[in-house]
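Quick notes on the structure that follows.
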Amino acid sequence: MGRFLIGSTVGGIDAVNQDLKQLKQHLPLLDYLLRSNWTARRVGAQSEFVGLCPFHAESRPSFYVNARKNLFYCHGCGRGGDLIRFIELSQRLSFRQTIAYLQQQIALADPCGVLEKTAAFYQLQLHRHPEATRYLQQRGLHDPSLIEELGIGYAPGGNLHRHLAAQGYSFDRLLKTGLINLRGNDAFCRRVIFPCRQHGRIVNLYGRSIGAAFPHRLLPRSKGGLFAWESVRHRDTVILVEGLFDLAVLWQSGFRHTTSAFGTHPTSAQLDQLCQRRGRSVYIVFDQDENQAGQFASRQLAQHLKSAGVTARIVRLPAGHDPNSYFVAGATAADFSACLQQAHPL
Ligand SMILES: [Zn+2]
């Protein structure tokens, strides 16, 4: 990394290295490439991918990416390195410009880190409000390490604005993020909060009402991709559910390859994620609604996936159930596996 240390190192060499490391953690190389429309297929080992080299014309792919090491190498032109090197080469930027560009990309995701601070605050509140832990229990979520891993918190309402104002966040900034309304009241009140992450950074917060208010609420910003996609994206088989409590009970029962689109209508970015790899298998497990809305959405989505080369299966649970209620009613991992096995490809 020595060659990067040019210009001012006011914070010392260690601080610069630390910043670079964080930058690269927030923006994994493979994600960056895929978002720039690079298409790849996996080779041999789990974390290696190959595709056409973006730096020269070629018909046989020789550009390799190791997703675990966050490095690329092209056997055609000999170029290689990390994300910073890639951006330097592809956008013809200097090292300094590249760093500024990456910092800007990250800042766009969460200006001033206000979402991170909010999620951390809500996580603390969870343990101070018995009504919140009671609600999680009711929804079948009882594994403390999973609750911690998903970053689940609780917004009692009425104390976030003061907390963030004391940390120096202006009224305007908080209003812009949608965390408070014009009257200065917290947007989330009596809601269980799930932070939605992309590339390691929080891009939105989902709040599930534990009272009479409308159940679902997201901040007025992009919800990002599929929920917890970083943990799922390398899987050949993916389970897609509607809600985050469906996801939570499935993760808790060992189905860690489960993701959610926050409903039954994935955005085009979420569809791209599901279709990133040909040959992937997607199990769609939406609610079995009486009005057939879930079933209709499942069929539409399955058709779409199939036409993109993805094997789609519609999973049927016992009538009236979604994955969450099924587990709350006493279903086991074996019961759910049996439902998966009964689902045939479209
Ligand atoms: Zn090349």
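The values are calculated or read from the model by the stated rules, or taken from the named source; none is laboratory data. Here the structure is a predicted model, which is why all the values come from computation and not from measurement. Please note: Cβ atoms are built from the backbone with ideal geometry, for glycine as well, and neighbour counts cover all protein chains shown. Accessible surface is based on the protein model in full, side chains and every heavy atom, while ligands, DNA and RNA are left aside. Shrake-Rupley method; radii C 1.70, N 1.55, O 1.52, S 1.80 Å.
Key figures
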read-out: Within the range 149-166, tally of residues that are touching a residue at least 24 places away in the same chain (Cβ under 8 Å) and over 17 Å from Leu205 (Cβ atoms); value: 0
read-out: Whichever residue in the range 38-54 is assigned to a loop (DSSP other than H, G, I, E, B) and modelled with pLDDT of 85 or more and, among such residues, is nearest to the ligand (Cβ to nearest atom); value: Cys53
read-out: Index of the failed condition, Tyr73 passing every other in (1) within 16 Å of the ligand (Cβ to nearest atom); (2) open to solvent by less than 10 Å² (accessible area, probe 1.4 Å); (3) part of a strand (DSSP E or B); value: (2)
read-out: Residues (under 14 Å from the mean Cα position of the chain (by Cα) and either farther than 23 Å from Ser47 by Cα or in a loop (DSSP other than H, G, I, E, B) (or both)) located in the range 219-240; value: Ser222, Lys223, Gly224, Gly225, Leu226, Phe227, Ala228, Arg233, His234
read-out: Counted residues, the range 22-37 - those being surrounded by fewer than 17 Cβ atoms within 10 Å (Cβ to Cβ) and either within 11 Å of the ligand (Cβ to nearest atom) or part of a loop (DSSP other than H, G, I, E, B) (or both); value: 2
read-out: Listing of helices (runs of 4 or more DSSP H) fully contained in the range 114-212 that carry 1 or more residues being in contact with a Leu (Cβ under 8 Å, 6 or more places away or on another chain), charged (D, E, K, R) and on the phi > 0 side of the Ramachandran plot; value: none
read-out: Count of residues meeting criterion [surrounded by 12 or more Cβ atoms within 10 Å (Cβ to Cβ), at pLDDT 90 or above and among the charged types (D, E, K, R)] in the range 55-70; value: 1
read-out: Index of the failed condition, Thr259 passing every other in (1) within 30 Å of Ser47 (Cβ to Cβ); (2) assigned to a loop (DSSP other than H, G, I, E, B); value: (2)
